[in-house]
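Report on one structure; see the data block that follows.
The values are calculated or read from the model by the stated rules, or taken from the named source; none is laboratory data. Keep in mind the model is a prediction, meaning the values are calculated, not measured. Here the Cβ is made from the backbone with ideal geometry for all residues, glycine too, and neighbour counts use every protein chain on show.
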Amino acid sequence: MRIRRQIRKLSIVLIMSVLSPLSSACECLWQGSFSEVAPTADLVVLGTVGRVKGNAIDIDVDVTLTGPNWATAPRVWLKTGDYCRPDVAEFVQGERFIFALRRLTEVPADGFNPSTPNLSYGRVGDYALSNCGGYWLEVEGLRASGNLVPGMPRYAQSPKMTPVLIGHITAYLKGWASLDSLIDATKKDPELEALKKDSRSFLRGFSPDEDNERQMR
């Protein structure tokens, strides 16, 4: 399944490289990890990639973490030309992400080409996603991963880390959890935690399954 998804992404990249106008590569300064850029974003949402058209995607919002609640299906504009944004191929329909988005308040003079209406800077009122920081996290189940906290490699959108509970990330954005706790969560080894739990069960004289049953009563 993952291999098929990667092949699909590669195909979209090839198509976009043909359709996009020739231009120089983007150059931008790294703005920081998700924990650093999300608090100042115009909109932070947990949602699923819906319609994909040109260099834009529509997001089916599950939860608005910060920003206006009325943005239930924001359109997000991605890379074309030399705009410092991720490629649309990174976001396959049906996949879930947490996005930290910037609202478009104006469009540059060369931001729209009538001959390629599906490839543009975007429209006023829509949103843009930057790749100059950890502006998105990939979601699997109840956990998310990506360039989440300070100290992760710059320009690395998928650094090695332990996926963190979405609830923990939400608590950080609401001011209920500290940055230190978020950093610690990215370093925990789930297999080691399971081993510790099994060891405690053994010392109490119960099997792991029996111990789980006792805790649920």
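Things worth noting here:
- A single entry from Pro74, Pro114 fulfils the requirement of being assigned by TED's automatic domain parsing to the domain that holds Gly47 and closer than 24 Å to Pro39 by Cβ: Pro74.
- Filtered residue count, region 27-38, keeping only those that are closer than 19 Å to Trp70 by Cα and either surrounded by fewer than 22 Cβ atoms within 10 Å (Cβ to Cβ) or of a type in the set (Val, Ile, Thr) (or both): 0
- Looking only at residues of region 48-76 that are touching a Lys or Arg at 6+ places or on another chain (Cβ under 7 Å) and not aliphatic (A, V, I, L, M), we find that the one that is surrounded by the most Cβ atoms within 10 Å (Cβ to Cβ) is Asn55.
- Test result for Ala144, modelled with pLDDT under 95 and either closer than 15 Å to Ser35 by Cβ or assigned by TED's automatic domain parsing to the domain that holds Tyr83 (or both): no
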